[in-house]
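Enquirer: Quick one: the structure is below, questions incoming.
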Amino acid sequence: MGILSIIFIVAGLFFLIVAAIGVIRFPDVYSRSHAVSLTDSLGAFLMLVGIALHEGLSINMLKILVVLILLYILNPVIAHATVRAALRSGLKPWQKGDS
Amino acid sequence: MIFTFEIPLLLLMLVTAAGAILVKDLMSAVLLLGSYSFFLSLVWAWLGAVDVAFVEAVVGAGLATVLFLLTLFGTAPKDTRLRRPPPSLTTLIVFPLLGILLLYAASDIPGFGDPNSPANIHISPTYLERSFQDTHTPNVVTAVLMDYRSLDTMVETVVIFASGIACALLLRRHGK
Amino acid sequence: MTLFVFWILLSASFDWIHLSLGLACSFAVAWLNSGHSPFAPKFRLWLRVSLYLPWLFYKIVQSSLHLSKLILHPALPIDPQMISVETKLNHHAAVVLLGNSITLTPGTITAEVDRNHLIVHAMDKVSKEDVTSKQMELKIADIFRDEKPDL
Amino acid sequence: MNIFLFCVMVSLTILIGAYLYRVLQGPTIFDRLLGHNGISTKAIILLIVMGIYFDRVDMFIDISIGYALLNLVGALAIAKYLEQKGHP
């Protein structure tokens with residue numbers, strides 16, 4: 001159980017690091033929001049599942065799963081709101097030919 | 001091992017606060033203040049004060065952001081770029097002196113977690129031993145706030161209520 | 001009902017006082033908010049949605065691996081573009097579920113939702129295929145096949 | 001296990017620093033909003049790891065639920081505001 005949770009946490013940490021690199025490297029708002037969504041969906045999932053495995057079957061594990069479900073419902077809403085605000089205020093998306 | 005982790009958090013807090021002052025645009029300052037209160041709440045949680053961390057998260061990150069936004073919405077955010085005059089000579093002299101004075105006073109405070117400090121000798125054991133028999137409240141912090149210091153808390157609440165009423169009156173006149 | 005389960009999870013105490021208080025609070029909140037919800041979810045629907053979730057998770061893992069390959073690639077071979085998608089879904093909750101799934105899948109983000117018209121920002125060709133292949137939409141239409149259309 | 005969790009916490013803090021760079025540097029306001037969102041997600045995970053580290057998960061997890069909800073409120077308010085005003 002301990003080894004499995006360590007594997008999950010390390011995998012989640014890997015995705016979080018990749019997402020942070022993406023947030024720094026990508027050229028505009030829209031593509032950066034993809035990187036943030038990568039964090040939310042897979043990185044947070046793996047981290048929290050690893051932690052829940054470490055915690056074992058109890059009320060705390062259920063609470064961690066509640067946090068996970070909340071993240072899965074709320075974070076797409078936030079990303080969508082950000083991108084829609086950017087689009088409506090007239091920010092042009094980055095194209096391939098731009099510098 | 002335990003005390004080293006606060007330092008990166010405090011560094012992040014410092015960077016955020018400096019950024020909130022230096023940034024040119026008010027919206028970004030509001031966002032940075034939100035991040036600042038996230039970090040502050042993390043520091044509280046690290047120190048073990050979970051209740052304070054919760055209040056900081058609710059008030060700092062949630063309510064204050066929305067209130068700042070309402071203020072920006074009511075005023076004109078385009079024109080309010082920060083125009084700061086250069087600091088005067090008095091400021092340059094007085095504020096470092098004040099800082100030195102505060103640091104000097106802080107050196108008298110007993111170290112964090114020192115078992116021989118006065119608070120740890122007299123007050124905390126009494127609260128910890130007797131609060132459950134006296135008040136039947138499982139949370140010690142709540143017992144201290146609501147029972148042992150209830151007058152204090154009540155007057156604090158009165159102050160907050162008065163400031164709320166003042167804000168409501170001001171905004172009502174603005175609305176007419 | 002869901003709120004009551006949520007209360008139990010949060011308070012994690014099972015005395016009679018807590019349980020009855022939670023029951024009263026959750027009924028009050030549900031009664032206060034009952035006017036806003038456009039439809040009441042049925043049990044059959046929840047079952048189908050929970051069958052849909054593992055497939056969505058498989059798509060998430062697949063596209064996450066693709067996106068992290070893109071990020072770690074030294075030349076950053078991205079080709080972001082806006083595409084607009086027409087859906088044939090005719091249910092509020094179905095459109096919400098579709099937009100949420102698209103946003104949750106890394107590489108695609110819903111930027112604008114009209115009634116049955118979505119503007120999606122996609123990262124490159126592969127993630128564009130995800131949306132234009134209509135696979136996700138067919139699954140969701142399959143979930144909502146028995147519901148009365150309200151759009 | 002404790003040392004491993006400590007390493008996880010330190011690396012999460014470094015990642016928060018990376019997002020903070022985006023918040024401070026971001027060319028438009030939306031970049032800052034995205035960075036803020038990422039920071040709060042990291043803070044939620046960091047809180048739960050901290051709870052495991054102290055063996056007091058029951059206390060820390062409530063704060064993280066509150067964080068998740070409040071983050072939604074703040075970000076939605078800012079996004080609505082920016083939609084109405086346009087970006088500076």
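Okay, residues lined up against (1) surrounded by 20 or more Cβ atoms within 10 Å (Cβ to Cβ); (2) charged (D, E, K, R); (3) part of a helix (DSSP H, G or I):
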site: B:Leu10; (1), (2), (3): no, no, yes
site: B:Ala20; (1), (2), (3): no, no, yes
site: B:Ser28; (1), (2), (3): yes, no, yes
site: B:Phe39; (1), (2), (3): yes, no, yes
site: B:Glu56; (1), (2), (3): yes, yes, yes
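Enquirer: With region C:1-85 as the region, which helices (runs of 4 or more DSSP H) entirely inside it contain at least 1 residues that are at pLDDT 75 or above and under 21 Å from A:Leu65 (Cα atoms)?
Expert: Of the helices (runs of 4 or more DSSP H) lying wholly inside region C:1-85, those with at least 1 residues that are at pLDDT 75 or above and under 21 Å from A:Leu65 (Cα atoms) span C:43-72.
Residue-by-condition table, conditions (1) more than 13 Å from A:Val67 (Cα to Cα); (2) assigned to a helix (DSSP H, G or I); (3) more than 7 Å from every other protein chain (Cβ to nearest Cβ):
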{"residue": "D:Leu5", "(1), (2), (3)": "yes, yes, yes"}
{"residue": "D:Thr13", "(1), (2), (3)": "yes, yes, no"}
{"residue": "D:Val23", "(1), (2), (3)": "yes, yes, no"}
{"residue": "D:His36", "(1), (2), (3)": "yes, yes, no"}
{"residue": "D:Ile61", "(1), (2), (3)": "no, yes, no"}
{"residue": "D:Ser64", "(1), (2), (3)": "no, yes, no"}
{"residue": "D:Val73", "(1), (2), (3)": "yes, yes, no"}
{"residue": "D:Ala79", "(1), (2), (3)": "yes, yes, no"}
{"residue": "D:Glu83", "(1), (2), (3)": "yes, yes, no"}
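Enquirer: Something else: Output the number of the condition that D:Asp55 fails; it satisfies all remaining conditions of (1) within 7 Å of chain B (Cβ to nearest Cβ); (2) surrounded by fewer than 17 Cβ atoms within 10 Å (Cβ to Cβ).
Expert: Just one mismatch for D:Asp55, condition (1).
Enquirer: So is D:Leu47 assigned to a helix (DSSP H, G or I) and farther than 26 Å from A:Val10 by Cβ or not?
Expert: Criteria not met by D:Leu47.
Enquirer: Quick one: which of C:Leu65, C:Leu104 is within 18 Å of A:Ser31 (Cβ to Cβ), of a type outside the set (Gly, Ala, Ser) and surrounded by fewer than 19 Cβ atoms within 10 Å (Cβ to Cβ)?
Expert: None of the others qualify; the one that does is C:Leu65.
Enquirer: Now for a different question. Hey, B:Arg84 hits all of (1) at pLDDT below 80; (2) part of a helix (DSSP H, G or I) but one; which does it fall short on?
Expert: (2)
Enquirer: A further question on this structure: If we scan region B:34-46, do we find a residue that is more than 23 Å from D:Phe6 (Cα to Cα) and either at pLDDT 80 or above or in the same structural domain as B:Gly164 (by TED's automatic domain parsing) (or both)?
Expert: First pass over region B:34-46, keeping only residues more than 23 Å from D:Phe6 (Cα to Cα): B:34.
Restricting the remaining residues to those that are either at pLDDT 80 or above or in the same structural domain as B:Gly164 (by TED's automatic domain parsing) (or both) gives B:34.
Within region B:34-46 (the criterion being more than 23 Å from D:Phe6 (Cα to Cα) and either at pLDDT 80 or above or in the same structural domain as B:Gly164 (by TED's automatic domain parsing) (or both)), the answer is yes, since at least one residue qualifies.
The values are calculated or read from the model by the stated rules, or taken from the named source; none is laboratory data. Remember, predicted model here, so these are calculated numbers, not experimental data. Note: ideal-geometry Cβ built from the backbone for every residue, glycine included; neighbour counts use all protein chains shown.
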